[in-house]
Amino acid sequence: MLILAFESSCDETSVSVVKDGRIILSNIIQSQVNVHNITGGIVPEVAAREHLKCIEQLTKDALSEAKTNLDNIDYIAATAGPGLPGALMIGFSYARSIAYAKNKPFIPVDHIEGHILANWLEKNDPILPAVALVVSGGHTELIFVMKGSDFRRIGGTRDDAAGEAFDKVSRMLDAGYPGGPEISRLADRATEKNLILPRAWLRGTNDFSFSGLKTAVLNLLKKEQNISKEEVAWAFQESVVDVLVSKTSKLATELNAKSVLIAGGVAANKRLREKAFNEIKVPVFIPSPILCTDNAAMIAAAAFNHIDESIPAHSIVEIFSTTNRGKLLIDKKRN
Ligand code: KG4
Ligand code: ZN
């Protein structure tokens, strides 16, 4: 059973063909990083235009790499949200149009659910129930995963997402965009490791806060103009990773979780991976870095769990009123 999936929620255009919800036949990802590097961050209108420029070619490439064609595809899936509206609209509308034209059932997918389900694209299946830490540019969430499509939001950031903090601190250090990989590279080169930056524990909650840490870095850079960027990056990364791993580990113990899943772009961070594997007592599952950052294979993996709820092509005009399915997780999070 083949799913053709689309992801365009932010600054990666991705098209993938996945077999039986598990086997990646192709996962083409085109990053817009060079375009957004010029402005030091994403301009939403520019992101949408970049998606539009390449989505048709990426679809051809994904089908050809998977050695298949549209006629062999069983379901079409696309990210419905959350994300940048203009960017989402490109992948979603393009996918929906193909579904309509080729008379294929369509599955709208929640982006965060996609990140979590990326863990099912790896060799070993996660053990459930699990605590999932989703850390990306837009989200930092702790979610209790009962089944592959049954989630309960436990906590999350009260201000900046972890990835957003990486991006903003990278900008303060003039280190480029996206900030995560740049901060990680700088931190690796740190020779002095004495600086300690604050950690917002928000004790008694399962929430996070990174805006105070960001301000602490800003104030430090104003005060100490000669401080090494490498040491600041290292101390910042230690602070973020320490809080993420400690709070996730504590929650997993409290909820008697059988494993911890880490997903989203920040899960590509070497130090986060290392500390999570070393310090969390239950088995830890983290997708390979390429499946942590935005990609369409994860959208296909999540769509696989919602095949029963796919929307027939003939009722495609109703999609906008029925995409609430795509928002299921988002609504649950608000409870
Ligand atoms: O999941 P993702 O690709 O897109 C969103 O859904 O937001 O995550 C992008 C975020 C960016 O903020 C980026 O700086 C961060 O993930 N990121 C990293 C690393 N690679 C990407 N953060 C820390 N370390 C990394 N190696
Ligand atoms: Zn994402």
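Here the stretch 168-186 is the region considered, the condition is being away from ligand 2 (no atom under 16 Å from the Cβ) and assigned to a loop (DSSP other than H, G, I, E, B), and the residue that is modelled with the highest pLDDT is LEU173. Quick check: is even one residue across the stretch 99-112 more than 10 Å from ligand 1 (Cβ to nearest atom), open to solvent by less than 20 Å² (accessible area, probe 1.4 Å) and more than 25 Å from ALA296 (Cβ to Cβ)? Taking every residue of the stretch 99-112 in turn, none turns out to be more than 10 Å from ligand 1 (Cβ to nearest atom), open to solvent by less than 20 Å² (accessible area, probe 1.4 Å) and more than 25 Å from ALA296 (Cβ to Cβ).
Within the stretch 215-237, the set of residues being closer than 27 Å to PHE277 by Cβ and open to solvent by 30 Å² or more (accessible area, probe 1.4 Å) comprises GLU230, TRP234. The lone criterion from (1) within 16 Å of ligand 2 (Cβ to nearest atom); (2) hydroxyl-bearing (Ser, Thr, Tyr); (3) under 26 Å from ASN305 (Cβ atoms) left unmet by SER31 is number (3). From the set of residues in the stretch 119-138 that are away from ligand 2 (no atom under 16 Å from the Cβ) and assigned to a loop (DSSP other than H, G, I, E, B), which is most open to solvent (accessible area, probe 1.4 Å)? Result: LYS123.
Restricting to the stretch 154-167, count the residues that are in a strand (DSSP E or B) and either within 16 Å of ligand 2 (Cβ to nearest atom) or not assigned by TED's automatic domain parsing to the domain that holds LEU255 (or both). Going through the stretch 154-167 one residue at a time, the tally reaches 2. When SER249, SER228, SER310, SER239 are screened for being among the hydroxyl-bearing types (Ser, Thr, Tyr), within 29 Å of GLN30 (Cβ to Cβ) and away from ligand 2 (no atom under 16 Å from the Cβ), only SER310 passes. Scan the stretch 92-104 and tell me whether some residue there is in a helix (DSSP H, G or I) and within 30 Å of PHE166 (Cα to Cα). Scanning the stretch 92-104 turns up at least one residue that is in a helix (DSSP H, G or I) and within 30 Å of PHE166 (Cα to Cα).
Residue by residue, here is whether (1) at positive phi; (2) part of a helix (DSSP H, G or I) holds:
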site	(1), (2)
GLY21	yes, no
ASN34	no, yes
ILE42	no, no
HIS51	no, yes
SER64	no, yes
THR79	no, no
ILE112	no, yes
HIS115	no, yes
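For the stretch 201-212, the count of residues that are within 17 Å of VAL135 (Cα to Cα) and open to solvent by 50 Å² or more (accessible area, probe 1.4 Å) is at least one. Counting only residues that are within 12 Å of ligand 1 (Cβ to nearest atom), of a type in the set (Val, Ile, Thr) and open to solvent by 10 Å² or more (accessible area, probe 1.4 Å), the stretch 238-278 holds 1 of them.
Scan ILE55, ILE90 and give me the residue that is touching a strand residue (DSSP E or B) at 6+ places or on another chain (Cβ under 9 Å) and more than 30 Å from ALA175 (Cβ to Cβ). Reasoning before the result, please.
Details: ILE90 fails: more than 30 Å from ALA175 (Cβ to Cβ).
On inspection, the qualifying residue turns out to be ILE55.
The values are calculated or read from the model by the stated rules, or taken from the named source; none is laboratory data. Everything numeric here is computed off the predicted structure, so don't read it as measured data. Cβ: placed from backbone, ideal geometry, glycine included. Neighbour counts: every protein chain shown. Just the protein is used for accessible areas: all its heavy atoms, side chains included, with ligands, DNA and RNA removed. Shrake-Rupley method; radii C 1.70, N 1.55, O 1.52, S 1.80 Å.
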